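**Student:** Let me begin by handing over the structure; questions about it come next.
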Amino acid sequence: MENKKIQAVIVVEGKKDTQRLRLIDPEVRTIETRGAAVNSELISLIKKVNQKEEVIILTDPDFSGERIRRLISTEIPGIKQAFLRQKDAIPGKKQHRASLGVEHASTSAILGALAQGSETAKKRTDLISQSDLMKLKLLNSPEARHRRKFVSNYFNLGYVNGAHLASRLQLLGVTLNELEKILSENYDG
């Protein structure tokens, strides 16, 4: 396998995630949360590293991963985030009892998510609001769930409910015009 250089420090959940990233780049630097119990020492460490280097959160696309991501991003606003789609983090057939995880994702899915995460630092002023989501039938609409799933897959956001969609799109710097265009040109219901 061709090694790719991962410049950023990656926040992952555990050692299997680190091992998976090391298959891509043997010198990758990670900070492991070691589960969902994110404590003040871990937050402090991530803050220190984030002041000097690029740090990207890459957690599993499941409930625990989302909880960890929320805890860290609440304490460190503006931290970069990379999202894997659930379908990209499904374990192989031999691991029938395993849950979704970074360790199961392909190299291309991981590198794509990290590349997208590196771009989240771009700030824009014309960001999407909850009322915009309602107008686009992404909230409070019979088809909202399917439309959100389409948007989530398109932007590689991981699972998002209506309450979190706007904030995820804002993290990526997606504008209302971009979202309208993507829905009108690509969503076929």
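**Student:** Relative to the longest principal axis of the chain, what angle (0 to 90°, nearest 10) does the C-alpha long axis of helix 63-75 take?
**Tutor:** The helix 63-75 is inclined about 90 degrees to the chain.
**Student:** Once you've got the GNM for the chain with C-alpha springs shorter than 10 Å, pick whichever of K137, K16, K48 has the biggest mean-square fluctuation.
**Tutor:** For the chain, modelled as a Gaussian network with Cα springs under 10 Å, the answer is K48.
**Student:** Ranked highest first by the average count of other Cβ atoms within 10 Å around their residues, in what order do 53-61, 108-116 fall?
**Tutor:** Result, highest mean Cβ count within 10 Å first: 53-61, 108-116.
**Student:** How big is the dipole moment of the chain about its Cα centre under a simple scheme where the beta carbon of each Lys and Arg is +1, that of each Asp and Glu is -1, and everything else is neutral? Debye, nearest 20, please.
**Tutor:** The calculation lands at about 300 debye.
**Student:** OK, next. Which ³J(HN,Hα) values in Hz, rounded to whole numbers, follow from the phi angles of segment 105-114 under the Karplus curve 6.51 cos²θ - 1.76 cosθ + 1.60, where θ = phi - 60° and Gly and Pro get x?
**Tutor:** 3J(HN,Hα) across segment 105-114, in whole Hz: 6, 6, 4, 5, 5, 5, 5, x, 5, 5.
**Student:** May I pose another question? From the list (1) 74, 36, 24; (2) 89, 32, 24; (3) 45, 40, 32, can you say which value of Cα extents along the principal axes in Å was derived from the structure given?
**Tutor:** It is the value labelled (3).
**Student:** Kindly state, as a whole number, the per residue volume in cubic angstrom of the convex hull around the alpha carbon atoms of segment 130-186.
**Tutor:** 71
**Student:** Okay, next question. Where does the chain land at 222 nm, in deg cm²/dmol rounded to the nearest 500, when only DSSP H runs of n ≥ 4 count, each adding -39500 (n - 2.57), divided by all residues?
**Tutor:** -14000 deg cm²/dmol
**Student:** Quick check: the angle from helix 144-155's long axis to the longest principal axis of the chain, C-alpha only, nearest 10 degrees?
**Tutor:** 50
**Student:** Calculate the dipole size of segment 18-99 relative to its Cα centre from +1 charges on Lys and Arg beta carbons and -1 charges on Asp and Glu beta carbons; express the result in debye to the nearest 20.
**Tutor:** The calculation lands at about 280 debye.
**Student:** Now for a separate question. What residues qualify as long-range amide H neighbours of K80, i.e. H under 5 Å apart, gap of 5 or more or another chain, H built at 1.01 Å from N?
**Tutor:** Those lying under 5 Å, H to H, from K80 are V55, I57.
**Student:** Counting Lys and Arg as +1 and Asp and Glu as -1, each charge on the Cβ, what is the dipole of segment 130-186 about the Cα centre in debye, to the nearest 20?
**Tutor:** Roughly 200 debye, rounded to the nearest 20.
**Student:** Another question, then. How far apart, in nanometres, would the label points at N186 and S141 be if each is projected 7 angstrom from Cα along the Cα-to-Cβ direction?
**Tutor:** 1.6
**Student:** Would you mind checking the tilt of helix 176-186 against the longest principal axis of the Cα atoms of the chain, expressed as 0 to 90 degrees and rounded to 10?
**Tutor:** 80
**Student:** How do S64, S40 rank when sorted from fewest to most other Cβ atoms within 10 Å of their own Cβ?
**Tutor:** Listing S64, S40 from fewest to most nearby Cβ atoms yields S40, S64.
Bear in mind that the values in this text are calculations on the coordinates, not laboratory data. Worth saying up front: this structure is predicted, and the values here are computed from it rather than measured. In this analysis, Cβ positions are derived from the backbone assuming ideal geometry, glycine residues included, and neighbour counts consider all displayed protein chains.
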